[in-house]
Each structure stands twice: as structure tokens, then as C-alpha cells.
Amino acid sequence: MNRPQSVVPDAIVFTNAAFPFTASTTHGIFAGAQRLHWHHALELNYIRSGIGFILINGMKLPFQQGDIIFINSNDLHRAYETENLVMDVIMFEPSLLSIDLKFDPDLMAPFRSLGNVDRQSPVHDELARLLRRMMDENEARGTSYMSLIRSDLIRFLSLANRHLSTPIQENRPIKGRGMHALKEVLRTMELHLDYGWTLQELSDLTHLSPSRFSALFQQAVGTSPHHYLIQLRLTHAVHLLETTDQKIIEIAETCGFRNLSNFNRLFKQHVGASPSEIREHAYAGRPVIPSTTKPEKQ
């Protein structure tokens, strides 16, 4: 096994490189967000409906309708849907507001605090309207839409910073060496899904004891290293079933499953359909979205 030389973040593609801003609405948690990931872009989530929770640097933050979630650059995060989640997602590069930061260095403070704006705050409804307006402008792309989005974004962040409240924290976020070590392990696992990882081998990558590594991993990811590796493998298996003509047994081996019956059992348990059913739907032009994997009890 060749160990990767660097830890690579998710690449966020902006259709207009001169205006690094994107907005979308998601129903449920798509497969890419179920894995722990990070990126350089800043991220805003507005919960239109439903409930769930998000893990950010090991902090577990429950959310419900009306919540606004701030995710900072390079934060390790992973979302879970509990019920009927519909969420607006806005992402942008910090460089978009670089000029404004000269006049207000604390403009990005909401992303650093893991805080939230109280749903009962008198400013909450205005923040929701600003988010909706940015979403609409980004979709319509009318005259001067970039300037309108920037002005709404600046007002949104300024008001959020003024009215930010800090949530009750059940545990402290993971920082420094522990965070870097986790990023390296996660990237290594993703690059070598077919390898038969042991807990000792994974903990060796972090230079931590297996017990300390397991505790750190559980805090950050919300599940054990073994369970998370299964989720990664099955997510990749769904992708291969929908996009390639590989035989199911070959896909199982590619994704690290040495036993086909075990692969079929775990696939049905976590995805909610059999591998053959996923492929049949893909061939029919109706790809099946994997169901959200439920976290282990903590």
C-alpha cells in the first residue's frame, strides 16, 4: 500500500471563477455529505424543514427547521438526517469578501464560533429572507446579480455577527494535531478502500494508541472506524453500480469486500436495496439515492 503524500480537501466547483459563489437546495443528505469531509470554501446551511444533527470538528450540533449553520474553511464536518430534511446550501470562497474584511475584520466571526442565531431573535426572519434572496439571485442571474448577492451576503454576516449566540457545548471541538491526524487518516482510508485496515494500522497513522484514536474518531465522525469504512466502501459501490458495467462481484472486491454474501447483506442493510436493484434502476435512467446511514449509538 502506498501512503498518500498529502491530505486533499474536497474540490468545490464554481461555475464562475471570478465570482466564487454557489447555492443549491438538497432533500435529505446526499452520499457525499454523509462522509466526513472538508473544503476551503465557507458554507452556510439553512434548514427549511426536518431535523437532524451535524458534526463539526467533533462538536455535535442538533438542528431543526429555521436553523442557520455556519461551517468554516477546513472544518471537518458530516451531517445526519433524522427526518424529512430540506436544506439550502450556500458556499463561497473567503476571497469573495476580501475587500470588505479590510473594513470589518470580524465579518467572518460567525464561521469561527460554532454559534447560531436564536430562532426567536428579531433578526432571524431578516436573515432567512437574505438567504432566500441570494438563492433566487444566483438562480436568475439577472443584471448586477453578483453585486446584489455580495451586498446581501455582507448584510447577512454583519447581522449574524451582531446577534450571534453561543450554543451549549457538550464537548470541546478537536483542534491542532488531532484534527490534522484525522484528516490524514480519512484521506488514506478513501484512497485505499480495498485494503483490509485494522484498528492498529489506522491508529499507527496518527501515532496514537488504538484506544485514544478510537475515541477521537468516534467524536469527530459519530461512529467507529470500522463502521465508517463500511459506509465509505458502500457509497463507492453505489457509484460503481450506477456508472460502470463492472460485475457485482468485481465491484465488491474493488470496494474491499472479500465475501460476496457479506457484501450483499451489508449493502441491503445500509443502502436499503440490493446491488442488482441499484443497477436496474440506473439502467432504467432512475438512479436510486442511497438512504442515510444511521450513526451508531454513542
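The values are calculated or read from the model by the stated rules, or taken from the named source; none is laboratory data. All values reported here derive from a predicted model rather than from experimental measurement. Cβ: placed from backbone, ideal geometry, glycine included. Neighbour counts: every protein chain shown. Protein only, heavy atoms only, side chains kept; ligands, DNA and RNA dropped before computing areas. Shrake-Rupley method; radii C 1.70, N 1.55, O 1.52, S 1.80 Å.
Computed quantities for the displayed model
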read-out: Region 21-165 pair-distance distribution - Cα-Cα, 10 Å bins, rounded %; value: 11, 44, 37, 7, 0
read-out: Dipole-positive endmost among A282, M179, N264 within region 176-284 (Cβ charges, Cα centre); value: M179
read-out: Exposure of H226 as accessible area (Å², to 10), given a probe of 1.4 Å and all protein chains; value: 130 Å²
read-out: Computed lengthening from H27 to I249, 0.36 nm per intervening residue step minus Cα-Cα distance; value: 76.8 nm
read-out: Those aspartates and glutamates that a straight Cα-Cα span of less than 19 Å connects to K60, excepting residues fewer than 8 apart in one chain; value: E43, D75, E81, E83, D118, E170, E296
read-out: Modelled FRET efficiency - R0 51 Å, S209 with S144, Cβ distances, 0.05 increments; value: 0.35
read-out: Approximate shape of region 176-284 as ellipsoid semi-axes (Cα gyration tensor, √5λ), whole Å, largest first; value: 30, 12, 12
read-out: Whole-number percent relative contact order across the chain, with pairs defined as alpha carbons under 8 Å at least 6 apart; value: 18 percent
read-out: Gained length - R155 relative to S49, 0.36 nm times residue gap less alpha-carbon distance; value: 35.8 nm
read-out: Area of D67 that stays accessible when all protein chains are in place (1.4 Å probe, Å², to 10); value: 10 Å²
read-out: Inter-label distance for S276 and N259, nm, one decimal - labels placed 7 Å from Cα along Cα-to-Cβ; value: 2.1 nm
read-out: Estimated FRET transfer efficiency when R0 is 35 angstrom, pair D100-H180 (beta carbons, to 0.05); value: 0.70
read-out: Computed magnitude of the charge dipole of the chain (debye, nearest 20; Cβ of K, R +1, Cβ of D, E -1); value: 500 debye
read-out: Cross-link reach list, aspartates and glutamates versus K247, counting only Cα pairs under 20 Å and skipping chain neighbours closer than eight places; value: D194, E277, E280
read-out: Carbon + sulfur, % of accessible area of region 176-284 - ligands and nucleic acids excluded, 1.4 Å; value: 53 percent
read-out: Whole-Å semi-axes of the chain's equivalent ellipsoid (Cα gyration tensor); value: 35, 23, 18
read-out: Accessible area expressed per residue, region 176-284, with surrounding protein chains retained (probe 1.4 Å, Å²); value: 46 Å²
read-out: T198-A284 pseudo-label distance in nm [points 7 Å out on the Cα-to-Cβ vector]; value: 4.5 nm
read-out: With all protein chains modelled, accessible area of R129 [1.4 Å, Å²]; value: 150 Å²
